[in-house]
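Encoded as structure tokens, the structure appears first; notes follow it.
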């Protein structure tokens, strides 16, 4: 023997973000955080994974597609021995990665490096977490637009998630929803976040940014600062924080290509900060189902009832609630019973539909922006205080 294996060194567009991904996947610390060489390993004496910045020639050869396989058929494949394949796949999805080449066991990390999950005998499953207080903050998406209860109130994915939690645990759940339509991230941080912390939640959802993105002058530096502060402060208190990225809505809304790059920039911020602070998130940008036009409302900026049902199921899966698997991510055509009269999509109707949408929704938004009134805010949240979630137990 002439030596022992030290580190496997991989090139990376963002060594720190990729190291954070692998630190979570392997449950190992980052032992070296130099910008030019970030190392994930058990300790200084143990072998691990190291990440260095891509060189200019490598940057030119590799497309900027975070979280996607870069197609290098001759690239090495890292193998991870896992206790249970299905559980491991769940955890990899929760870390924001999805299968490549149609295989359940082969994935690409944030830089496109391939890794394979190799199963072994699984240990007994852990006891499910019991949630006592859940607080949701955000804008109209979290408030529940346009998921109506038929009596003039919004339901929404957060209410549905609260019901899922209360249904699947014996302990009572207290829930508050402070979201208000039209709020930007800075509004959420300054007008909702401290109120949410004062309620001492053990579960907090933080979702927002679309109102910033569709404004005429989005400030991404401010958006990043607001997300960073909220994620960091909540996690420092030991709160489990959940969030999600936005799907590519250009499928449902052709004019959305105008803001598509902005949405992807926001997604990148959420993805990176979530991994940095240990925030759980669903990466809807990389789930094709989430971009299905049939999940979107008439304004093509809000999800409809089916969309809220799917998001709630995805977040329940994210929290490992009993009875929830990855079926929330399958194509709508594989569950035709969902396609009820709640579907408001008109995208497939052709050019006339797009023109009608532009006249009724896009045009007024542009005019309002030119007049300095880019968005309107709601007046008050629907669940301002913690209250027990009452569900019918089977």
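Laboratory data are not the source of any read-out in this text; all were calculated from the coordinates shown. All values reported here derive from a predicted model rather than from experimental measurement. Cβ coordinates were reconstructed from backbone atoms using ideal geometry, including for glycine residues, and neighbour counts include every protein chain displayed.
With Rg and the Kirkwood Rh both taken from Cα atoms, where does Rg over Rh land for segment 87-217?
With Rg and the Kirkwood Rh in hand, the quotient comes to 1.06.
Summarise the long-distance tail of P(r) for segment 174-266 by giving the % of C-alpha pairs beyond 17 Å.
52 percent
Once the cut-off is 19 Å, how many percent of the Cα-Cα pairs in segment 276-333 end up in the long-distance tail?
Value for segment 276-333 (Cα pairs over 19 Å): 31 percent.
If neighbour count is taken as other Cβ atoms inside 10 Å, put 243, 320 in order from fewest to most.
320, 243
Fully extended, how many nm does the chain gain between residue 217 and residue 229 (0.36 nm per residue separation, minus their Cα-Cα distance)?
2.2 nm
Which of 117, 295, 78 has the fewest other C-beta atoms within 10 Å, and how do the rest follow up to the most?
The most exposed by this proxy come first: 78, 117, 295.
Per residue, what volume in Å³ does the Cα convex hull of segment 1-51 take up?
77 Å³
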